Amino acid sequence: GCVLVVSVIEQLAQWHNSTVKAAVERLCNYIPGKYPITGHMLRCIDREMNADVVCHSLKLCTQDPGQPLCHLYPPPKRQRLSPGLLYSLALAGQKCQIISAHSSPKSFTAFSSVCAFPLLAKLCEKIKYVLRSKLPFEDSDGDKFSTFPTLRGYHWRGRDCNDKNTTVYPGRRPDNWDVKSDSNCNGIWGVDPKDGIPYEEKFCKGAGSQGVVLLGDSAGAHFHIPPEWMTVTQMSSKSFANLPTAFTNELDWPQFSEITGFLNSTIGGWTDSLYLRLRRRNRCNHRDLQNISQNGIACFPINRAAYLYSSLARNQLLDNPAIVIYATIGNDVCNGNRDTLAHMTTPKEMLSNVVQALQYLDSRLPNGSHVILTGLVDGRFLWDNLHDRYHPLGQLNKDITYSQLYSFLDCLQVSPCGGWLTPNETLRNLTSERALQLSNVLKEIARSEKFTNFDVFYMDFPLRQTAEEWRKMGGEPWQLIEPVDGFHPSQIAAAVGTNITWQKALHEWPQVLGKENPFNDQIEAIFKDQGGH
């Protein structure tokens with residue numbers, strides 16, 4: 001975190017040919033809220049000292065005994081010193097005298113906690129709640145749906161249309177055909193004065209209404225750090241306008257995601273999703289979506305992920321069936337441990353954990369539901385297409401490649417995937433081999449396991465097909481990867497991948513998608529003012 005902030009400050013000073021103090025003030029003016037400018041930190045930052053040196057000098061970055069020295073930047077070429085000696089000099093304070101007799105180290109500890117920032121401090125308790133429960137923070141009636149967008153609100157699951165009535169929520173079967181009010185929040189209610197038939201009965205009876213639920217990881221939640229937050233040539237006050245939304249959504253953007261996206265993308269690309277296509281196919285499906293994903297989740301045993309599964313809002317007796325996408329596409333082989341192979345999920349663990357999850361779903365999902373198991377991605381695509389490209393932090397001076405970023409994160413033991421984000425080709429291949437083994441377990445589960453309330457299907461994660469389709473559209477493969485973390489699928493990948501998934505389902509499992517509702521145009525004409533998300 002320190003290296004990121006100091007890098008941005010130094011580059012702002014360089015780009016605008018200003019002092020470091022002016023750069024800090026500029027950055028603080030860009031970011032919503034007010035922040036104290038720490039004089040000690042200002043005195044330490046030097047445009048001729050890279051961020052690694054500054055942060056070690058501030059003691060916000062340390063080198064533990066027996067551990068390698070982690071650095072993002074190459075040592076300054078003007079110094080004819082070994083990297084170890086250069087950092088030792090910095091740590092000794094030769095260039096940067098920070099901690100004086102009158103300053104406390106505690107004043108710098110705050111920088112290591114995002115909750116220390118005034119704008120964010122008030123949100124931290126709310127964030128902790130939603131991280132624990134995966135339930136909406138603003139939910140007056142406790143039905144697991146909300147009228148508030150973030151903090152696991154309607155960006156994550158269909159918007160509640162009455163937050164004071166626990167029997168009114170998206171996805172339920174209509175109460176008395178919604179003669180008097182909209183009990184399932186799809187915007188269809190009342191009686192046709194021409195014939196006295198309730199609109200819900202006329203348009204939705206027998207239409208096969210169903211929702212879509214994602215049980216996924218950070219890819220499914222659509223993790224994204226805006227590159228304009230750290231690209232000084234693009235940076236302005238507009239760059240950080242989405243900071244509160246991003247923070248209260250855990251840096252996820254489910255409202256634009258491949259499975260449950262429903263809003264026009266503001267982070268590049270365009271939005272296309274399984275939910276939007278199901279809604280276009282049958283307007284009665286309006287708002288029936290749930291994105292129950294967590295950054296970092298793998299196929300944990302049910303007892304370790306009980307909070308995640310219990311956040312599913314589905315009543316077997318009262319609600320419509322659902323299409324459930326089970327997609328943990330990487331974390332079973334991805335970790336930041338030095339001995340990464342030893343910490344990967346084994347095929348035996350995968351089998352046990354997924355079957356447990358499906359048994360739990362069988363006790364919760366209405367009859368007639370469907371579950372689609374998604375295979376793991378082949379992450380060799382990441383290194384192959386990014387390693388020699390410049391990261392957003394390195395674009396100004398052409399000094400940071402993704403290879404350097406991956407090595408830095410691996411050194412800190414916080415790499416999102418030590419097995420794929422590495423120059424070690426053998427390790428990359430072994431990681432993909434394990435991913436394929438786990439995908440085969442999912443394929444076998446779909447073939448052999450039977451459940452009472454749903455059928456099970458398997459599909460490969462369509463990365464290769466997505467890349468091929470994007471090339472046909474004139475794109476480059478690297479554009480399918482998030483530019484800041486160099487790991488997650490981008491907005492473009494989500495949109496292009498949606499079409500591939502949909503076409504596969506149409507051809508191989510048309511029964512999963514349901515039939516086209518012939519009344520869609522009539523519904524839109526009558527209820528056009530009640531269809532907002």
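Let me confirm something: among Ile99, Ile9, Ile31, which residue is modelled with pLDDT under 65 and either β-branched (Val, Ile, Thr) or open to solvent by 20 Å² or more (accessible area, probe 1.4 Å) (or both)? First the steps, then the outcome.
On the way: Ile9 fails: modelled with pLDDT under 65; Ile31 fails: modelled with pLDDT under 65.
After applying the criteria, what remains is Ile99.
Could you tell me whether Val414 is of a type outside the set (Ser, Thr, Tyr), within 20 Å of the chain's Cα centre (by Cα) and outside the structural domain of Leu60 (by the TED database)? Before the answer, list the steps.
Values: of a type outside the set (Ser, Thr, Tyr): yes; within 20 Å of the chain's Cα centre (by Cα): yes; outside the structural domain of Leu60 (by the TED database): yes.
So Val414 passes the test.
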Condition set open to solvent by less than 10 Å² (accessible area, probe 1.4 Å) and either at pLDDT 90 or above or of a type in the set (Gly, Ala, Ser) (or both), scope the stretch 299-312, selection nearest to Leu430 (Cα to Cα): answer is Ala305
Of those in the stretch 218-238 that are in contact with a strand residue (DSSP E or B) (Cβ under 6 Å, 6 or more places away or on another chain) and open to solvent by less than 10 Å² (accessible area, probe 1.4 Å), the residue nearest to Ile297 (Cα to Cα) is Ala221
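Could you tell me whether the stretch 283-294 includes any residue that is basic (Lys, Arg) and open to solvent by less than 10 Å² (accessible area, probe 1.4 Å)?
Of the stretch 283-294, the ones basic (Lys, Arg) are 283, 287.
If we keep only those that are open to solvent by less than 10 Å² (accessible area, probe 1.4 Å) as well, we get 283.
Scanning the stretch 283-294, I find at least one residue that is basic (Lys, Arg) and open to solvent by less than 10 Å² (accessible area, probe 1.4 Å), so the answer is yes.
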For the stretch 239-268 the number of residues that are within 12 Å of the chain's Cα centre (by Cα) and either open to solvent by 30 Å² or more (accessible area, probe 1.4 Å) or among the basic types (Lys, Arg) (or both) is 3
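Here is a yes/no grid of residues against (1) open to solvent by less than 10 Å² (accessible area, probe 1.4 Å); (2) over 18 Å from Arg280 (Cβ atoms):
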{"position": "Asp178", "(1), (2)": "yes, yes"}
{"position": "Ser181", "(1), (2)": "no, yes"}
{"position": "Pro193", "(1), (2)": "no, yes"}
{"position": "Tyr199", "(1), (2)": "no, yes"}
{"position": "Val212", "(1), (2)": "yes, no"}
Selection over the stretch 401-432 where residues are within 24 Å of Asp64 (Cβ to Cβ) and in a loop (DSSP other than H, G, I, E, B) yields a count of 12
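Say we look at the stretch 443-464 and pick out the residues that are assigned to a loop (DSSP other than H, G, I, E, B) and not aromatic (Phe, Trp, Tyr); which of these is nearest to the chain's Cα centre (by Cα)? Give the derivation first.
The first filter runs over the stretch 443-464 and keeps only residues assigned to a loop (DSSP other than H, G, I, E, B), leaving 449-453, 460-462.
Within this subset, residues satisfying the condition of being not aromatic (Phe, Trp, Tyr) are 449-450, 452-453, 460, 462.
Values: Glu449: 30, Lys450: 31, Thr452: 32, Asn453: 29, Asp460: 20, Pro462: 18 Å.
Among those residues, the one meeting the criterion is Pro462.
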Looking across the stretch 480-533 at residues that are of a type in the set (Lys, Arg) and part of a helix (DSSP H, G or I), the single one that is most open to solvent (accessible area, probe 1.4 Å) is Lys528
Residue under question is Leu382, and the condition is that it be assigned to a helix (DSSP H, G or I), in contact with a helix residue (DSSP H, G or I) (Cβ under 7 Å, 6 or more places away or on another chain) and open to solvent by less than 20 Å² (accessible area, probe 1.4 Å); does it hold?
no
Worksheet item: Can Gly394 be described as small (Gly, Ala, Ser) and touching a residue at least 24 places away in the same chain (Cβ under 8 Å)?
Response: no
For the stretch 442-469, the count of residues that are open to solvent by less than 30 Å² (accessible area, probe 1.4 Å), free of Cβ contacts under 8 Å to residues at least 40 places away in the same chain and of a type outside the set (S, T, N, Q) equals 0
Expected output for the stretch 131-143 (first residue closer than 24 Å to Gly296 by Cα and not assigned by the TED database to the domain that holds Ser310, partner of a type in the set (S, T, N, Q) and open to solvent by 30 Å² or more (accessible area, probe 1.4 Å), Cβ below 6 Å, 6+ apart or cross-chain) is none
The number of residues in the stretch 487-513 that are farther than 20 Å from Arg280 by Cβ, of a type outside the set (Phe, Trp, Tyr) and in contact with a Pro (Cβ under 9 Å, 6 or more places away or on another chain) is 2
If we ask which residues in the stretch 352-397 are within 30 Å of Met49 (Cβ to Cβ) and touching a Leu at 6+ places or on another chain (Cβ under 6 Å), their number turns out to be 1
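The values are calculated or read from the model by the stated rules, or taken from the named source; none is laboratory data. All values derive from a computational prediction rather than experimental measurement. Note that we place each Cβ from the backbone using ideal geometry, even for glycine, and neighbour counts take in every protein chain shown. Protein only, heavy atoms only, side chains kept; ligands, DNA and RNA dropped before computing areas. Shrake-Rupley method; radii C 1.70, N 1.55, O 1.52, S 1.80 Å.
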